[in-house]
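Q: So that we are looking at the same thing, I have put the structure below in structure tokens.
The values are calculated or read from the model by the stated rules, or taken from the named source; none is laboratory data. Because the structure is a prediction, the values reported are computed rather than measured. Here the Cβ positions follow ideal geometry from the backbone for every residue, glycine too, while neighbour counts run over all protein chains shown.
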Amino acid sequence: MRGFLVFAWGLLASIVAITSNDASAFSPRLEDRLIRVKASDAQIIPLRLWGKQDTPSAIILCIHGFSDYARGFGHMLAALDIANASLMMAFDQRGFGETASRGRWAGHDVMISDLHDVLLYIGDRYPGLPIHIVGESMGAALLLVAMHHPKTSAFFKSTTKIKSAARQNASTFRTSLANPNPQVQSTILLAPAVWSWSAMPWYQVLSLKLFSQLWPDLRVSSQYARRIGVRPTDDPAVAAYLAKDPLMLRDIPVSMIAGLSDLMSEASLLMPKKGHRSLVVIGTRDEVIPGSAYCAWLAKNHESVTGQWLVQQDGFHMLTRQTKSDAIIDLLSNFLTLQLQRLEQEQQPMKELKC
């Protein structure tokens, strides 16, 4: 049982109340607009927008992690879009934020379907614009699955070489005229949740599966997370802000944690789509997804490692919401504007993680 509680509390650590710090030091920008997109099963997907809505030069779509919701990216646009020309979007995934099914795990097939529907919505509203996707933790795991899923894999454009932003955008527009599907030009995976069942301690697997079968509605409260000392961020202002955000998911049923474990297990079998422009960023002080899980993921897929990689020394799980976040956000900005062609640590993550 203790193994299950340690795992569950670790996932909830990001929303522990820290009353001794001032949350006002971290103030993400509220969305400029909230759109309610109707999914293919008629459920509503809350889609939040920041930035230039009339004639943007590009779309940045963000996918949040477990317990979090779309507003978790509200602090990023100003740094990512210095030219004030992009439109950033993020949607609340099923079971999180302001969705009607808040507190219930939808299953990753439904989550993939929602991503599919959001991409179609973007393609319909902004035809021909390049789309870049940023996934954090659970959102990054979903992206790994989406790149290879029959419903969404065609969205992720393969490219062999990028010469310039202008040339790439022109090529994107020509491609969009021939292809009605929206085309995702690049993907960023931040601290992907790839802690598979096979990489977990046996007692953790046993207790979680037992609880999910016998007591699936049993709820794990975030008030206990502090006891195990897991920190997703070293920035106390971020932790204080999250603790006070009413839309963060706190009391979580065991069934959701088991569902997340299924998603992480499927994601751990995959690497970014070959030929698709991607960037994977991991921190060596990630206390939510252990280094052993990242090493197991890399060892399992070492022959298919693709894209660019950066392992940030002393980086925490919330890579864009930590004290060293400026370096990460600068990296993302350079990657998204096509200024970054190569990373020093490219495809050497096992060495950087000391696997």
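Q: Residue by residue through the stretch 276-306, note down the ones that are under 17 Å from the mean Cα position of the chain (by Cα), of a type outside the set (A, V, I, L, M) and in a loop (DSSP other than H, G, I, E, B).
A: Answer for the stretch 276-306, where residues must be under 17 Å from the mean Cα position of the chain (by Cα), of a type outside the set (A, V, I, L, M) and in a loop (DSSP other than H, G, I, E, B): Asp286, Glu287, Pro290.
Q: Has the stretch 75-95 got any residue that is small (Gly, Ala, Ser) and farther than 19 Å from Asp32 by Cα?
A: Yes - at least one qualifying residue is present in the stretch 75-95.
Q: Right, another one. Can you find even one residue in the stretch 77-99 that is closer than 30 Å to Pro216 by Cα, hydroxyl-bearing (Ser, Thr, Tyr), buried (at least 20 other Cβ atoms within 10 Å of the Cβ) and touching a Pro at 6+ places or on another chain (Cβ under 8 Å)?
A: Yes; the residues of the stretch 77-99 include at least one that is closer than 30 Å to Pro216 by Cα, hydroxyl-bearing (Ser, Thr, Tyr), buried (at least 20 other Cβ atoms within 10 Å of the Cβ) and touching a Pro at 6+ places or on another chain (Cβ under 8 Å).
Q: What do you reckon, is Glu136 touching a Cys at 6+ places or on another chain (Cβ under 8 Å), over 10 Å from Pro182 (Cβ atoms) and at pLDDT 95 or above?
A: Judged against the criteria, Glu136 is a match.
Q: Related question: Among the listed residues Ile45, Ile82, which satisfies the condition of being closer than 22 Å to Pro182 by Cα and either more than 14 Å from the chain's Cα centre (by Cα) or in contact (Cβ under 8 Å) with a residue 12 or more places away in the chain (or both)?
A: Result of the check over Ile45, Ile82: Ile45.
Q: Kindly indicate the residue of the stretch 235-286 that is charged (D, E, K, R) and either closer than 29 Å to Leu298 by Cβ or modelled with pLDDT of 95 or more (or both) and also surrounded by the most Cβ atoms within 10 Å (Cβ to Cβ) among those meeting that condition.
A: Going through the qualifying residues, I end up with Arg277.
Q: Okay, next question. Val145 fails exactly one of the following numbered conditions: (1) under 15 Å from the mean Cα position of the chain (by Cα); (2) surrounded by fewer than 20 Cβ atoms within 10 Å (Cβ to Cβ); (3) β-branched (Val, Ile, Thr). What is the number of that condition?
A: Here Val145 meets the rest and fails (2).
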